[in-house]
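The values are calculated or read from the model by the stated rules, or taken from the named source; none is laboratory data. Predicted, not measured: the structure shown is a model, and the values here were computed from it. Cβ placement follows ideal geometry from the backbone for every residue including glycine, while neighbour counts extend to all protein chains displayed.
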Amino acid sequence: MSSSCERPFSGYVLGLDIGGTEIKAALVNGKGNILASHRSPTPRTLREIRYSLRLLIGKFRLAAKEIRAVGIGCKGIIDPETTEVLALPGDLHYLEGQKLNALIVPAVPTSCPVAADNDARVALVGEHQWGAARGRQNAIMLTLGTGVGGAILADGKILRGAGGVAGHLGHLTVQPDGPVCICGSRGCLETIFSARALEAEAFAAMHLGVKSRLFNSQLRPPSCEEVFDCARKGDKIARLVVERAVTVLGGAIAGLVHAFDPEIVILGGQITRAGDLLFAPVQHEVNWRTKTLLRRKVPVVKAQVADPSGVVGAAALAIESIAIANNTTRKRGILFRQ
C-alpha cells in the first residue's frame, strides 16, 4: 500500500512522544532519520507540561518557519481530527479535554500542520513506513513500557473501531481476578506485564525472605532493567518474576494472532532491551499456541525504526499531515479516517 509518507519530501518535521515517564522530541527528515533529539521527565501538571513542551522544541534552535509539520504521539484515546485527548486515565489525566496542538503554541505557529494520535498507533505508522512492518498489510504492535500500548494494522489500515478505542491491547483481560488496573478493570495485561508491574512484583518477592540479587541497601523497588539483569545472571526470584510475566504476554499475543491473523507482531518500548529473555520465550508461546489453526509461524520481532520511543512514527504522521494540508493526495494515510 502506498501512503503519503512515501512521497518525496524535503525539510524537517518534529516528532513528539508524550509518555508516562518522559517526553521525547526529535527533528526528523523525510527518510525517517533522527537529526537531533531531546527528552525531559514528564511533568505532573498541565501548566508544567506546556512549559516542558515549549522548552524542548526551543532546544532545536530552529526558526518556527523551518518546522514543516509536527506529529504527536500520546497515551490515551486521541481524536486525530482535532488532536483532543478524549480519555486518559492515570498520571496524565490532566490532559483529558486538552487539544495537543494548542499545548505547543507559540513554540510552533498555529499555521503549522499538527497531527496527533495514540502513541502506539503512531509507533506502528513509523514501522509501516520505515521499519519492521514496511510492505505488510496486516500487523500487530505492542509498546512495552510503563504500561502496555497497542495498535493493529488490518488490510493496510490502522484499526480504530467504532469509538476510536481499538488497539488498546494493554487492557486485554488476562487474569479476571487480578490486580486493579488504572482503567477500573482487573487483571489487564499491563497489570501483569509492564515495567511498573514487573518492578512491583519483584519488590514484593524480595520480602519473602529468599536471598536475591534484587535486594539493595536502599530498600527501593528494583527497576525493570535490574529485574531482567538479575534474571540473566541466574537469580531465582528474578527469573520466576520474568518467566511468569513473559508467559502471560506470550499467551495474550497468541490470542491476538488468532483474532487478527497478522503477518508479523512487533514489540517496541523500553522492555525490549531485555533481548532474548523476552523474545525467545514469547515466540515459543506464540508458536505452540497457534500452530494448529495457523499452520505457520508468525514472527515476533523488535521495532526497527531509529528510536523505539515513537518519535519517528510521530514524524511519519507529521509528513502525512503536510500532504493532507496541501491537498497533494486524495487518499488519506493509514492513520486517518477516510
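Assorted remarks:
- Restricted to the range 57-73, and to residues there that are in contact (Cβ under 8 Å) with a residue 40 or more places away in the chain and outside any strand (DSSP E or B), the residue that is nearest to residue 103 (Cα to Cα) is 57.
- Single match in 51, 94 (criterion: closer than 30 Å to residue 162 by Cα, of a type outside the set (Lys, Arg), in a helix (DSSP H, G or I) and at pLDDT 95 or above): 94
- Residues in the range 127-144 that are within 16 Å of residue 253 (Cβ to Cβ), among the hydrophobic types (A, V, I, L, M, F, W, C) and over 11 Å from the mean Cα position of the chain (by Cα) were compared, and the one that is surrounded by the fewest Cβ atoms within 10 Å (Cβ to Cβ) is 132.
- Total residues in the range 231-264, condition in a helix (DSSP H, G or I) and in contact (Cβ under 8 Å) with a residue 60 or more places away in the chain: 9
- Residues in the range 8-39 that are under 17 Å from the mean Cα position of the chain (by Cα) and not in a loop (DSSP other than H, G, I, E, B): 15, 16, 17, 18, 22, 23, 24, 25, 26, 39.
- For the range 187-200, filtered to residues that are part of a loop (DSSP other than H, G, I, E, B) and touching a residue at least 40 places away in the same chain (Cβ under 8 Å), the residue that is surrounded by the fewest Cβ atoms within 10 Å (Cβ to Cβ) is 194.
- Filtered residues of the range 97-121 (kept if in a loop (DSSP other than H, G, I, E, B), of a type in the set (S, T, N, Q) and surrounded by 15 or more Cβ atoms within 10 Å (Cβ to Cβ)): 98
- Considered as a group, the residues in the range 265-276 that are in contact (Cβ under 8 Å) with a residue 60 or more places away in the chain and assigned to a helix (DSSP H, G or I) include one that is farthest from residue 19 (Cα to Cα), and that residue is 272.
- Residue that is nearest to residue 324 (Cα to Cα), among those in the range 74-91 that are in a strand (DSSP E or B) and touching a residue at least 24 places away in the same chain (Cβ under 8 Å): 78
- Pick from the range 170-186, criterion without any contact (Cβ under 8 Å) to a residue 12 or more places away in the chain and in a loop (DSSP other than H, G, I, E, B), ranking: surrounded by the most Cβ atoms within 10 Å (Cβ to Cβ): 181
- Residue under evaluation residue 82, criteria (1) buried (at least 16 other Cβ atoms within 10 Å of the Cβ); (2) under 21 Å from the mean Cα position of the chain (by Cα); (3) not small (Gly, Ala, Ser), criterion not met: (1)
- Residues in the range 145-169 that are of a type in the set (Gly, Ala, Ser) and part of a strand (DSSP E or B) were compared, and the one that is surrounded by the fewest Cβ atoms within 10 Å (Cβ to Cβ) is 154.
- Flag if residue 124 is in contact with a Cys (Cβ under 7 Å, 6 or more places away or on another chain) and either touching a residue at least 12 places away in the same chain (Cβ under 8 Å) or surrounded by fewer than 20 Cβ atoms within 10 Å (Cβ to Cβ) (or both): no
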